[in-house]
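Asker: Have a look at this one before I ask anything.
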Amino acid sequence: MDWKEKLSELRSKLPQVESTPDEQQETVAQESLQLFPLRIELDKRNGKPATLITDFEGTDDELKELAKLLRTKCASGGSQRNGEILIQGDFRVKVAEILQEMGYKVKRINFK
């Protein structure tokens, strides 16, 4: 019996637990070790407001997953690249609340 068969045998003995979407959000924050707070600020792109989240430390896959979650929660479009997430519209307060619930530290810039 090789190691793959032993591993599959051990996995079959473990209880199967499904995670909820809330638990998946928490694991995203716990997996990445964010030492510095995420910066949330309002930016103008072509005269339109955009929420910019910068100083993300993690892999591109984690960034992509976090950006998708934020876009979904804000019901808005956006993009991600080079450690930055751009959400179309002024969602500074909502994004800050979501990130704090997930366990990220947040530095608010240009908040009223």
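Asker: Given 4/73; 6/73; 44/105, which pairs have Cα atoms separated by over 32 Å? Let's see the in-between values first.
Answerer: Numbers: 4/73 40 Å; 6/73 42 Å; 44/105 24 Å.
The pairs that break the limit, which is 32 Å between Cα atoms, are 4/73; 6/73.
Asker: Looking at region 34-112 only, what percent of DSSP beta bridges run antiparallel? Nearest 5 please.
Answerer: On the way: 14 of 18 bridges.
Of the beta bridges lying entirely in region 34-112, close to 80 percent run antiparallel.
Asker: Moving on. Suppose R0 equals 22 Å. What FRET efficiency, 1/(1 + (r/R0)^6) with r the Cβ-Cβ distance, do residue 68 and residue 12 give to the nearest 0.05? Please report the intermediate quantities before stating the final value.
Answerer: Values: r = 32 Å, r/R0 = 1.46.
About 0.10, to the nearest 0.05.
Asker: Ok, one more. Bin all alpha-carbon pair distances of region 34-112 at 5 Å intervals from 0 and give each bin's fraction as a whole percent.
Answerer: 3, 17, 30, 30, 15, 4, 1
Asker: Contour minus end-to-end for residue 88 and residue 39, with contour as 0.36 nm per residue of separation and end-to-end as the Cα-Cα distance? Let's see the in-between values first.
Answerer: On the way: separation 49, 0.36 × 49 = 17.64 nm, distance 1.61 nm.
Extra length available between residue 88 and residue 39 comes to 16.0 nm.
Asker: With θ taken as phi - 60° and the coefficients 6.51, -1.76 and 1.60, list the Karplus ³J(HN,Hα) couplings across region 99-108 in order, rounded to whole Hz; mark glycine and proline as x.
Answerer: Those phi angles translate into 5, 5, 5, 7, x, 7, 7, 10, 10, 8 Hz.
Asker: Can you list residues from other chains, or at least 5 along the same chain, whose modelled amide H is less than 5 Å from the amide H of residue 106?
Answerer: 38
Bear in mind that the values in this text are calculations on the coordinates, not laboratory data. It should be emphasised that the depicted structure is a prediction, and the values quoted were computed from it without experimental measurement. Glycine also receives a Cβ, built like all others from the backbone with ideal geometry; neighbour counts cover every protein chain displayed.
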